[in-house]
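All remarks here apply to the structure that follows.
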């Protein structure tokens, strides 16, 4: 594979992106990543999340800046509304993952983006988490994402970028297929 | 069911919590919620998420404050590290959901909490999303959550609160069982 140096497109350094993919192909160990978060309880259902760093490409990393995300329930759910609900944060993770994929894929395919927006909505019947009806699941029944993409390509091509992003999305994959989650409680 | 007024515990208004559950039991329509997020592409794989409000208990709601979450990839993944990765945001949604459940459940059971922390780590092989190996899934292979709970109860009781939170968590449910996600592209 010959890699020709390209100008960054859409803010993506396509040359480095392709070189990174090629490097991982040669050295699969570099693909093993571990992402992490930490959360501390504040009060009631209000908690505060942070991102202490991650492992990948054979070493530990920390983020350039600190991000703090407060989560809470709104008043109608007996919270104090100090932040979005965990359910909304889940939808946001999905949106940002599809957006990131779209940014990379458009750039790799030489499509200049002018603007992209997406909306996500998820339906949930709270009788599940409230323990009212054991036949009702706890989580979302259905999640719908709608993209509006403005870029230098026809509608069909722009849609194909979104499809490819979906096909390569880590969060979409977990939300649609599920994964193994183990919850442990440390004892002193 | 007789509801006896109780003092708020752990910042949870337990009387209102029980009254809310009872109200939903009587009027199941009130349990239908729709949560939402919106995201706009900034540059490269950097996007910005917001929370425009939600529907529930028969009406539209907006949050008391505005939350903006920037997501990006780190330099090692050819991003500009303007925020956590979507994968980390997914883990954060899980942590905050389990925390919220724990806050409510501890309070409902009369256990005073002094402090709770949790860490989440998720293993992912990026050969999936990089399109290097079709046998490798895009998402996390395995997610592990570890809680440290300090409260007025023995270790077994505190652990049972975490278990009950897991059993009633919307995000845990979606991450372990998956759900339906539809991605559409609007055409002008």
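Are any residues in the range B:47-79 more than 7 Å from chain A (Cβ to nearest Cβ) and either more than 21 Å from the chain's Cα centre (by Cα) or assigned to a helix (DSSP H, G or I) (or both), and if so, which ones?
If the condition is that a residue be more than 7 Å from chain A (Cβ to nearest Cβ) and either more than 21 Å from the chain's Cα centre (by Cα) or assigned to a helix (DSSP H, G or I) (or both), then B:58, B:59, B:75, B:77, B:79 are the ones that fit.
Is it fair to say residue A:56 is touching a strand residue (DSSP E or B) at 6+ places or on another chain (Cβ under 9 Å), closer than 28 Å to residue B:33 by Cβ and surrounded by 18 or more Cβ atoms within 10 Å (Cβ to Cβ)?
Numbers: touching a strand residue (DSSP E or B) at 6+ places or on another chain (Cβ under 9 Å): yes; closer than 28 Å to residue B:33 by Cβ: no; surrounded by 18 or more Cβ atoms within 10 Å (Cβ to Cβ): yes.
It is false that residue A:56 is touching a strand residue (DSSP E or B) at 6+ places or on another chain (Cβ under 9 Å), closer than 28 Å to residue B:33 by Cβ and surrounded by 18 or more Cβ atoms within 10 Å (Cβ to Cβ).
Show me the helices (runs of 4 or more DSSP H) entirely contained within the range B:84-188 in which 1 or more residues are more than 7 Å from chain A (Cβ to nearest Cβ), in contact with a helix residue (DSSP H, G or I) (Cβ under 8 Å, 6 or more places away or on another chain) and farther than 22 Å from residue A:68 by Cβ.
Passing ranges, in order: B:86-108, B:155-167.
Condition test on residue A:75, is it in contact with a strand residue (DSSP E or B) (Cβ under 8 Å, 6 or more places away or on another chain) and over 21 Å from residue A:11 (Cβ atoms)? Give the steps one after another, and end with the answer.
Numbers: in contact with a strand residue (DSSP E or B) (Cβ under 8 Å, 6 or more places away or on another chain): no; over 21 Å from residue A:11 (Cβ atoms): yes.
Here the answer is no, as residue A:75 does not meet what is asked.
So which residues in the range A:147-160 are buried (at least 23 other Cβ atoms within 10 Å of the Cβ) and closer than 17 Å to residue B:181 by Cα?
A:147
Applying the selection to the range B:9-45, what residues are more than 7 Å from chain A (Cβ to nearest Cβ) and touching a strand residue (DSSP E or B) at 6+ places or on another chain (Cβ under 8 Å)?
Result: B:30, B:42.
Conditions first: (1) under 20 Å from the mean Cα position of the chain (by Cα); (2) at positive phi. Residue A:36 passes all but one, so which condition is the exception?
It fails just one condition, (2).
Name the residues in the range B:103-124 that are more than 18 Å from the chain's Cα centre (by Cα) and surrounded by 21 or more Cβ atoms within 10 Å (Cβ to Cβ), would you? Steps first, answer last, please.
As a first pass, look at the range B:103-124 and keep what is more than 18 Å from the chain's Cα centre (by Cα): B:107-115, B:123-124.
The answer is B:107, B:113, B:124.
Quick note: the coordinates plus some simple rules give every number you see, no bench work behind them. Computed from a prediction, not measured in an experiment: that's the story for all the values here. Using ideal geometry, Cβ is built from the backbone for each residue, glycine included, and neighbour counts are taken over all protein chains shown.
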